[in-house]
Every structure is written in C-alpha cells, then in structure tokens.
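I have placed the structure first, in the form of structure tokens, so that the comments after it can refer back to it.
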Amino acid sequence: KDYYKSLYSSFGPQGWWPGRTRFEVIIGAILTQNTAWSNVEKAIRNLKREKVLTPEKMTGLKPGELAALLRPAGYFNIKAKRIGSFLDHLFGNYGGRLGVFLRKDPASLRKELLGINGIGPETADSILLYAADYPEFVVDAYTRRIFSRHGISREDMGYEELKSIFMENLPADAGLFNEYHALIVRTGKEYCRSGAPRCSGCPLRGYLPDALRLRFLQP
C-alpha cells in the first residue's frame, strides 16, 4: 500500500486502459504482447479507420485482411490467429455476445480465457481487470523487475505466485488494481529500466533495502 501511495502521489491518475469499448480493450490486450503500446495504437487506428473494431465486423474479415491491419503491432500473422481464436470462442459459445461472456464469474471466465490459443495469464488478467472490471491484479515484466529489485519477490518467481503477493495484501478493488498496474508500468518505463535504472529520482527509492542501495543508487 505504501508503494502505491508513493507512486500515486508522484504521478497521479494514469487513465489506463485507453480503450473506448470493452472489445477494444480486449483486442489491445492481445496486440500488446511483445510490442510497445505505441505500435498497438497504430494497429487500433487501422481497425477504426476500416470500421471493423466490433466482434461482428472483425469476424467477417479474412485472416490475411486482419493481419494486414495489425501489421504495426508486430507478429501480425500470429496475433491475427489469436484474435481469430478469441472470436471463434466468443461466437461458438456465446453467439458473439461479449456482455454475456464477460458477465461470467471471474474464476470461470479466467479459465475459459486461458483455454483460448494465445491468451496467457497476463493477457487473461488484463481482460478480466480492464474489460470485465474484476479485481484481478495484472503482473507484467515491469512488476517483476521493480519488486525483485526491491527484494519483495524473486526474479524466478512464477506468475501466479507473484500475483498472489498483491492479491493477498491489497483489498480486492478493481479500481485500485487498475491504477496500481498503470503506475507500475510508468515507473518501469521512466525509472526502473532494465539496462540503466534511474533510481535516484524514482518515487520508490526510499524503499530500497540497505543491501541493494549500493547496487542501484548512484552517489
């Protein structure tokens, strides 16, 4: 909670996830795998320009047509297949009714999402939190980097184990989880970088254990 308060007081609200509809959030969550968000935004703009950013219109596209629109996001053929798998599940089991799908209880919804080709834990939890508004904490590379450097987690800790640290020590609040994850992402991008961390200006520098201060804090 102290980490969250320090980040929020420094950065303020982040307004994340930047999607106008739940379907746009889901597509963004799939596209952001292994690429920068700026590239996802370009692909989303392509989909909006062609007016196909709905389940009904997107499922009518041929795989090659969809892949071409997704090109800016990288791995566009793979991501087109993953989106196709999601749409097949949505239409095959729910008649394309996204609202019905997202109203399932969170445990069942998460299990179904993880059963769809190309959707792993991080993507599933992003959909649960940002599209379905369920309190599921999203763990990403920034989370792993920041909290392992601070000695709270291990670098080799599995996704579910690292997620449990947040789930068990914070109130189950989707709004809190939303903001916390966004603040972690910003901290990772601006300060806790992989190659050259900028610890001296980081809002979390005061929480570094003494044993790690000499390693990360420059004189």
(request) Considering only residues that are farther than 20 Å from ILE184 by Cα and open to solvent by 40 Å² or more (accessible area, probe 1.4 Å), look in region 14-36 and name the one that is modelled with the lowest pLDDT. (result) ARG20
(message) Show me the helices (runs of 4 or more DSSP H) found entirely inside region 11-108 where at least 1 residues are among the aromatic types (Phe, Trp, Tyr).
(response) 22-31, 37-49, 76-94, 98-102
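Any idea which of GLY188, GLY175 is within 25 Å of PRO209 (Cβ to Cβ), part of a helix (DSSP H, G or I), of a type in the set (Gly, Ala, Ser) and at pLDDT 95 or above? Reasoning before the result, please.
Details: GLY175 fails: within 25 Å of PRO209 (Cβ to Cβ).
The unique qualifying residue is GLY188.
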(request) Kindly provide the set of residues from region 40-81 that are open to solvent by 60 Å² or more (accessible area, probe 1.4 Å) and in contact (Cβ under 8 Å) with a residue 24 or more places away in the chain, ordered by number. (result) LYS42, GLU56, THR59, ARG71, TYR75, ILE78, LYS81
(request) Take region 140-172 and flag every residue that is farther than 17 Å from SER194 by Cα and in contact with a Pro (Cβ under 6 Å, 6 or more places away or on another chain). (result) TYR159, ALA172
(request) Output the residue which, of all residues in region 160-172 that are out of contact with any Lys or Arg (no Cβ under 9 Å at 6 or more places or on another chain) and part of a helix (DSSP H, G or I), is farthest from PRO106 (Cα to Cα). (result) ILE165
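Here's the yes/no breakdown for (1) touching a residue at least 60 places away in the same chain (Cβ under 8 Å); (2) under 18 Å from ALA29 (Cβ atoms):
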{"site": "ASP140", "(1), (2)": "no, yes"}
{"site": "ARG154", "(1), (2)": "no, no"}
{"site": "LYS163", "(1), (2)": "no, yes"}
{"site": "GLU168", "(1), (2)": "no, no"}
{"site": "TYR180", "(1), (2)": "yes, yes"}
{"site": "ILE184", "(1), (2)": "yes, yes"}
(request) Answer yes or no as to whether GLY158 is open to solvent by 20 Å² or more (accessible area, probe 1.4 Å) and at pLDDT below 95. (result) no
(request) May I ask you to list the residues in region 127-156 that are in a loop (DSSP other than H, G, I, E, B) and either of a type outside the set (A, V, I, L, M, F, W, C) or more than 18 Å from the chain's Cα centre (by Cα) (or both)? (result) ASP133, TYR134, PRO135, GLU136, ASP140, HIS150, GLY151, ILE152, SER153, ARG154, GLU155, ASP156
(message) Residues that are closer than 30 Å to TYR207 by Cβ and in contact (Cβ under 8 Å) with a residue 40 or more places away in the chain: does region 17-30 have at least one?
(response) yes
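The values are calculated or read from the model by the stated rules, or taken from the named source; none is laboratory data. None of the values given here were measured: they were computed from a predicted structure. Here Cβ is always computed from backbone atoms with ideal geometry, including for glycine, and neighbour counts include all displayed protein chains. Protein only, heavy atoms only, side chains kept; ligands, DNA and RNA dropped before computing areas. Shrake-Rupley method; radii C 1.70, N 1.55, O 1.52, S 1.80 Å.
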